Amino acid sequence: MQTVAVIDYGMGNLHSVAKALEYSGGARVLVTGDPQVIREADRIVLPGVGAIRDCMGEIRRLGIDALVREVSQDRPFLGVCVGMQALMETSEENNGIDCIGLFPGRVRRFPADMAENGEKLKVPHMGWNEVAHTLDHPLWHGIPDQSRFYFVHSYYIEAGNARQVAGRGHYGVDFTAALADGSRFATQFHPEKSATCGLQLYQNFVAWDGRW
């Protein structure tokens with residue numbers, strides 16, 4: 001049976017991600033911080049919640065940044081929420097943080113004065129929102145364009161390479177909801193909180209061979 005390693009670096013909703021992956025079937029799911037176990041896994045997931053400073057502090061302390069660069073090159077790899085933001089070059093959060101740098105671009109805070117239809121928009125962006133597919137990618141299989149996913153974030157990704165943007169959302173501003181490059185995919189939304197469409201994405205990830 002295929003194995004999926006959910007990287008445990010002390011930050012993130014690890015067990016809800018693991019449960020959703022297990023529910024999707026077809027793989028043995030391991031929540032682990034052991035570099036050897038991660039290296040031996042067939043697929044890797046990097047989750048994350050909270051402040052990017054704390055996430056990157058633990059990622060660097062444990063050497064997860066170098067490990068992510070290594071294992072994401074040759075097998076399916078998925079970043080989720082702050083796990084996606086950690087893959088960028090930099091983040092404006094916490095007065096500026098250098099991130100792992102797998103994807104060009106930066107993480108920016110939603111403007112404080114956003115409004116639509118005469119109503120002020122709250123930050124964080126929290127709740128269901130539509131995602132437009134901008135790439136024909138295997139992880140969108142069985143998921144209709146403009147499907148709704150669940151978001152919780154105060155910061156959004158400004159991609160440095162438009163050809164890597166796999167999905168877009170809108171909340172006051174257009175923002176990158178998903179990125180794709182080779183065997184790497186990442187989502188700003190939480191698939192494990194996104195009902196049927198989120199479970200379908202995890203199922204697609206478990207079935208994906210890393211090519212598209």
Identity of the residue in segment 71-100, surrounded by fewer than 15 Cβ atoms within 10 Å (Cβ to Cβ) and without any contact (Cβ under 8 Å) to a residue 60 or more places away in the chain, that ends up farthest from Leu139 (Cα to Cα): Asn95
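Can you tell which of Val152, Val165 is out of contact with any Phe, Trp or Tyr (no Cβ under 8 Å at 6 or more places or on another chain) and free of Cβ contacts under 8 Å to residues at least 40 places away in the same chain?
Details: Val152 fails: free of Cβ contacts under 8 Å to residues at least 40 places away in the same chain.
It is Val165.
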Test: residue in segment 90-97 that is in a strand (DSSP E or B), touching a Lys or Arg at 6+ places or on another chain (Cβ under 7 Å) and aliphatic (A, V, I, L, M): yes
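Collect the residues in segment 22-55 that are out of contact with any Lys or Arg (no Cβ under 9 Å at 6 or more places or on another chain) and assigned to a helix (DSSP H, G or I), keeping them in residue-number order.
Filtering segment 22-55 down to residues out of contact with any Lys or Arg (no Cβ under 9 Å at 6 or more places or on another chain) leaves 23-26, 28, 30-40, 45-55.
Those that are out of contact with any Lys or Arg (no Cβ under 9 Å at 6 or more places or on another chain) and assigned to a helix (DSSP H, G or I): Tyr23, Ser24, Pro35, Gln36, Val37, Ile38, Arg39, Glu40, Ile52, Arg53, Asp54, Cys55.
Would you check if there is a residue in segment 14-25 being out of contact with any strand residue (DSSP E or B) (no Cβ under 6 Å at 6 or more places or on another chain), of a type in the set (Lys, Arg) and under 18 Å from Pro191 (Cα atoms)?
Of the residues in segment 14-25, the ones out of contact with any strand residue (DSSP E or B) (no Cβ under 6 Å at 6 or more places or on another chain) are 15-16, 19-20, 23-25.
Cutting the leftovers down to of a type in the set (Lys, Arg) gives us 19.
Cutting the leftovers down to under 18 Å from Pro191 (Cα atoms) gives us 19.
Yes, that holds for at least one residue.
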Filter result for Ala177 (under 30 Å from Ala66 (Cβ atoms), at pLDDT 95 or above and not in a loop (DSSP other than H, G, I, E, B)): yes
Search result, residues across segment 2-24 that are surrounded by 16 or more Cβ atoms within 10 Å (Cβ to Cβ), free of Cβ contacts under 8 Å to residues at least 60 places away in the same chain, in contact with a helix residue (DSSP H, G or I) (Cβ under 8 Å, 6 or more places away or on another chain) and of a type outside the set (Ser, Thr, Tyr): Ala5, Val6, Asp8
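The values are calculated or read from the model by the stated rules, or taken from the named source; none is laboratory data. None of the values given here were measured: they were computed from a predicted structure. So basically every Cβ, Gly included, is an ideal-geometry build from the backbone, and we count neighbours across all protein chains shown.
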